[in-house]
There are 2 protein chains.
Amino acid sequence: MSKKEALLKAAENKVRLGGYSNFSFRELACEVGIKSASVHYHFPTKADLGAELAHQYTDSFLAALGEPSELKANGKNPIDVYTQLFRRALVTDKKMCLCGLLGAESDSLPDKVRLEVKRFFNQNLTWLSAAHLANGEPNPAQAAIQTVSLLEGAMMISKTLDDNSYFELATQ
Amino acid sequence: MSKKEALLKAAENKVRLGGYSNFSFRELACEVGIKSASVHYHFPTKADLGAELAHQYTDSFLAALGEPSELKANGKNPIDVYTQLFRRALVTDKKMCLCGLLGAESDSLPDKVRLEVKRFFNQNLTWLSAAHLANGEPNPAQAAIQTVSLLEGAMMISKTLDDNSYFELATQ
DNA sequence: GCAAAATTATCGACCAGTAGGTAGTTATTT
DNA sequence: AAATAACTACCTACTGGTCGATAATTTTGC
């Protein structure tokens with residue numbers, strides 16, 4: 001893993017625990033074994049790092065999902081696959097969704113970071129609409145926003161109350 | 001309004017826009033017209049201020065709801081009343097739910113603040129369970145976590161995408 | 001094939017600004 | 001006399017960011 005990748009990974013862990021202000025260049029640098037000045041070589045500003053982090057998070061999230069039509073063709077319910085990805089983030093990583101946390105504080109985010117968080121949710125809603133459409137839902141757009149809202153909310157509350165059974169109850 | 005009340009009000013606005021780290025004693029002091037050292041007279045530490053803020057927020061939130069049984073007796077659907085309180089926070093205040101934001105970053109919060117955020121959600125779930133029970137729901141506890149999850153999530157996404165119609169679609 | 005030039009990735013030293021917090025003091029009110 | 005509510009001055013720690021320097025590597029021109 002390159003230093004740049006290591007910096008993004010370290011930043012992701014910090015942000016998913018406490019938001020955009022929960023990481024500093026010094027901390028990241030220390031964790032990957034370089035000096036804080038060197039971080040600016042890879043990311044000119046903190047906003048650049050945050051934006052690239054959210055961008056990559058979105059891409060790998062969507063990549064992990066696959067295409068709704070293909071899932072359906074393989075006999076899987078794409079909504080279950082989507083729910084499972086959230087469950088893994090909560091149970092395995094024991095962390096919030098990166099963009100769920102950044103979205104909550106989006107009013108105080110640098111423009112380029114906020115833009116990437118918007119991209120995450122727009123792409124998620126597009127994917128979920130296609131998924132619900134494939135499932136024969138009468139109103140796919142409404143089902144899409146309801147699905148992602150429920151999952152982000154249930155994740156946040158389960159984290160807060162430190163009890164994953166709330167997530168299970170909400171998604172059951 | 002006393003200085004202490006003014007400080008809490010100013011802090012609430014900041015936190016609901018960008019989380020716990022989005023306010024400083026200096027900023028608050030400046031906004032209410034005192035010096036930052038004087039803020040420590042009212043709140044010994046930042047954690048004390050944050051905890052008292054979340055506590056009062058919870059109390060006034062619950063007070064604004066009233067009792068589910070009374071609402072029901074007055075011909076109102078308590079779930080609609082609950083939804084309306086979230087809608088007002090989003091549309092009128094144009095801000096996130098204080099504890100929704102703090103909950104997302106609860107892993108990085110001081111203990112006494114996190115405790116107050118937990119109290120908010122525990123009390124909300126109790127209220128909602130009673131409300132759904134009064135509505136004759138077969139599984140009030142499940143309906144409760146689903147209701148608050150959907151509302152917190154829809155609020156966050158509407159804020160992020162800067163479009164309240166997502167909240168309306170999700171709650172319709 | 002090789003020297004010159006450019007690029008990559010790091011460093012130490014430093015900057016101005018801000019953070020939360022403390023100590024001791026001064027008025028005002030009870 | 002005591003409690004309240006503010007003040008000035010200061011502390012240490014940390015923030016994102018800049019500067020010029022330094023090797024190591026890669027690319028380019030002859």
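The values are calculated or read from the model by the stated rules, or taken from the named source; none is laboratory data. In this text, all values refer to a predicted model and were calculated from it rather than measured experimentally. When we count neighbours, we look across all protein chains shown, and the Cβ atoms used for this are built from the backbone with ideal geometry, even at glycine. Calculation scope for accessible area: heavy atoms of the full protein, side chains included, ligands and nucleic acids excluded. Shrake-Rupley method; radii C 1.70, N 1.55, O 1.52, S 1.80 Å.
Can you find a residue in the range B:143-162 that is surrounded by fewer than 20 Cβ atoms within 10 Å (Cβ to Cβ), within 28 Å of residue A:113 (Cβ to Cβ), at the interface with chain A (Cβ under 10 Å from one of its Cβ atoms) and among the charged types (D, E, K, R)? Yes: the range B:143-162 contains one or more residues that are surrounded by fewer than 20 Cβ atoms within 10 Å (Cβ to Cβ), within 28 Å of residue A:113 (Cβ to Cβ), at the interface with chain A (Cβ under 10 Å from one of its Cβ atoms) and among the charged types (D, E, K, R). Scanning the range B:17-50 for residues that are within 14 Å of chain A (Cβ to nearest Cβ) and open to solvent by 10 Å² or more (accessible area, probe 1.4 Å) gives B:17, B:20, B:21, B:22, B:24, B:27, B:46.
Taken together, the residues in the range A:117-140 that are open to solvent by less than 50 Å² (accessible area, probe 1.4 Å) and over 16 Å from the mean Cα position of the chain (by Cα) amount to 6.
Of all the criteria given as (1) over 16 Å from residue B:9 (Cα atoms); (2) within 14 Å of DNA strand D (Cβ to nearest atom); (3) hydrophobic (A, V, I, L, M, F, W, C); (4) in contact (Cβ under 8 Å) with a residue 12 or more places away in the chain, the one not satisfied by residue B:37 is (4). Of the residues making up the range A:52-66, those that are among the hydrophobic types (A, V, I, L, M, F, W, C) and either away from DNA strand D (no atom under 16 Å from the Cβ) or within 14 Å of chain B (Cβ to nearest Cβ) (or both) are A:54, A:61, A:62, A:63, A:64, A:65.
In this entry, residue B:14 is excluded by the filter for residues that are assigned to a helix (DSSP H, G or I), more than 16 Å from DNA strand C (Cβ to nearest atom), modelled with pLDDT of 95 or more and among the charged types (D, E, K, R).
Here the condition is being basic (Lys, Arg), surrounded by 17 or more Cβ atoms within 10 Å (Cβ to Cβ) and at the interface with chain B (Cβ under 8 Å from one of its Cβ atoms); of A:114, A:87, it holds for A:114 alone. If you check B:124, B:135 for being of a type outside the set (A, V, I, L, M, F, W, C) and touching a Pro at 6+ places or on another chain (Cβ under 8 Å), only one passes: B:135.
Screening A:90, A:49 for residues that are in a helix (DSSP H, G or I), within 16 Å of DNA strand D (Cβ to nearest atom), closer than 22 Å to residue A:119 by Cα and touching a helix residue (DSSP H, G or I) at 6+ places or on another chain (Cβ under 7 Å) leaves exactly one candidate, A:49.
Scanning the range B:17-38 for residues that are over 14 Å from the mean Cα position of the chain (by Cα), within 15 Å of DNA strand C (Cβ to nearest atom) and part of a loop (DSSP other than H, G, I, E, B) yields B:23, B:24, B:34, B:35.
May I ask you to verify whether residue A:69 is of a type in the set (Ser, Thr, Tyr) and within 16 Å of DNA strand D (Cβ to nearest atom)? When the stated conditions are applied, residue A:69 does not pass them.
Of all residues in the range B:45-82, those satisfying the criterion of being farther than 18 Å from residue B:7 by Cα and under 13 Å from the mean Cα position of the chain (by Cα) are B:61, B:62, B:63, B:64, B:65, B:82.
Please indicate, with yes or no, whether at least one residue in the range A:63-80 is within 16 Å of DNA strand C (Cβ to nearest atom), open to solvent by less than 40 Å² (accessible area, probe 1.4 Å) and under 25 Å from residue A:146 (Cβ atoms). Within the range A:63-80 (the criterion being within 16 Å of DNA strand C (Cβ to nearest atom), open to solvent by less than 40 Å² (accessible area, probe 1.4 Å) and under 25 Å from residue A:146 (Cβ atoms)), the answer is no, since none of the residues qualifies. Of the set (1) away from every other protein chain (no Cβ under 14 Å); (2) within 23 Å of residue B:149 (Cβ to Cβ), all apply to residue A:103 but (1).
The combined condition, being within 23 Å of residue A:90 (Cβ to Cβ) and touching a Leu at 6+ places or on another chain (Cβ under 6 Å), is fulfilled by residue B:117.
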